[in-house]
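Here's the structure, in structure tokens; my notes come after.
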Amino acid sequence: NAGVTQTPKFQVLKTGQSMTLQCAQDMNHEYMSWYRQDPGMGLRLIHYSVGAGITDQGEVPNGYNVSRSTTEDFPLRLLSAAPSQTSVYFCASSAYRGGEQYFGPGTRLTVT
Amino acid sequence: AQKITQTQPGMFVQEKEAVTLDCTYDTSDPSYGLFWYKQPSSGEMIFLIYQGSYDQQNATEGRYSLNFQKARKSANLVISASQLGDSAMYFCAMRSVSGAGSYQLTFGKGTKLSVIP
């Protein structure tokens, strides 16, 4: 099993550009989440999904969209990148509500 | 609102000594879970240990143990016999029902542990 995979590992965007961060898991987990990690801030929840077709907002959802068309994939879309979105993004999955979350390796995004 | 507080931005410990990383939490939910994750300099998040709010005994996983004091709302991580490979950021996190993102995790800001040879 590959676990949770994320692509790309690094990305540089110009202000106003859009892009999609990819996340996939092969553990058949129902629950998936996106977090961002900023220096000195810990991880903050952006969006999450409790199953295919079901998504909801977390603590810091503005500027991001998600969809969940399959159990395996949970892409995060930046609609119009801003410098404030410079961060490290982690995708995570868990087998059941409240269970241990398995994290992907992260995507380091820089917006200039 | 759910909140996790880690008051130690950085800690040093001598190799082979034990170290305690502090974590306090705030929630009004009767049912919650507490997690510790390790983040080495390579950046990945590694799950270490879990404690449920109704668990009677403190959780242990190898050299890691969780000192859970429910009345004080604290969930400190104890690492015994520190190794150089333990140098990393350590995050305490809480899962509760009514936080932003039901059943998702709220993280503290982390403690950077440095193990000295």
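Here are the numbers for this structure:
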| read-out | value |
| --- | --- |
| Only listed residue being among the acidic types (Asp, Glu) and without any contact (Cβ under 8 Å) to a residue 40 or more places away in the chain, chosen from A:Glu59, A:Glu72 | A:Glu59 |
| Matching entry among B:Thr106, B:Thr20, B:Thr7 (being buried (at least 20 other Cβ atoms within 10 Å of the Cβ) and of a type outside the set (A, V, I, L, M, F, W, C)) | B:Thr106 |
| Residue count for the range B:26-57, restricted to those that are free of Cβ contacts under 8 Å to residues at least 40 places away in the same chain, exposed (fewer than 15 other Cβ atoms within 10 Å of the Cβ) and more than 10 Å from chain A (Cβ to nearest Cβ) | 5 |
| Of residues in the range A:72-93 being at pLDDT 95 or above and over 12 Å from the mean Cα position of the chain (by Cα), the one farthest from B:Glu44 (Cα to Cα) | A:Ser80 |
| Subset tally (residues that are among the basic types (Lys, Arg) and in contact with a strand residue (DSSP E or B) (Cβ under 6 Å, 6 or more places away or on another chain)) for the range B:6-48 | 1 |
| Residue ID - most open to solvent (accessible area, probe 1.4 Å), chosen from residues in the range B:58-91 that are within 12 Å of chain A (Cβ to nearest Cβ) and closer than 18 Å to B:Thr5 by Cα | B:Met89 |
| Strands (runs of 3 or more DSSP E) wholly inside the range A:12-65 that include at least 3 residues being of a type in the set (D, E, K, R), surrounded by fewer than 19 Cβ atoms within 10 Å (Cβ to Cβ) and more than 11 Å from chain B (Cβ to nearest Cβ) | none |
| So A:Thr7, is it touching a helix residue (DSSP H, G or I) at 6+ places or on another chain (Cβ under 8 Å) and more than 12 Å from chain B (Cβ to nearest Cβ) | no |
| Residues within the range A:66-108 that are part of a strand (DSSP E or B) and either surrounded by fewer than 19 Cβ atoms within 10 Å (Cβ to Cβ) or within 13 Å of another protein chain (Cβ to nearest Cβ) (or both), tallied | 15 |
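The values are calculated or read from the model by the stated rules, or taken from the named source; none is laboratory data. None of these values were measured; they are calculated from a predicted model. Heads up, the Cβs are rebuilt from the backbone with ideal geometry, glycines too, and the neighbour counts pull from every protein chain shown. These accessible areas exclude ligands, DNA and RNA; they are computed on the full protein's heavy atoms, side chains included. Shrake-Rupley method; radii C 1.70, N 1.55, O 1.52, S 1.80 Å.
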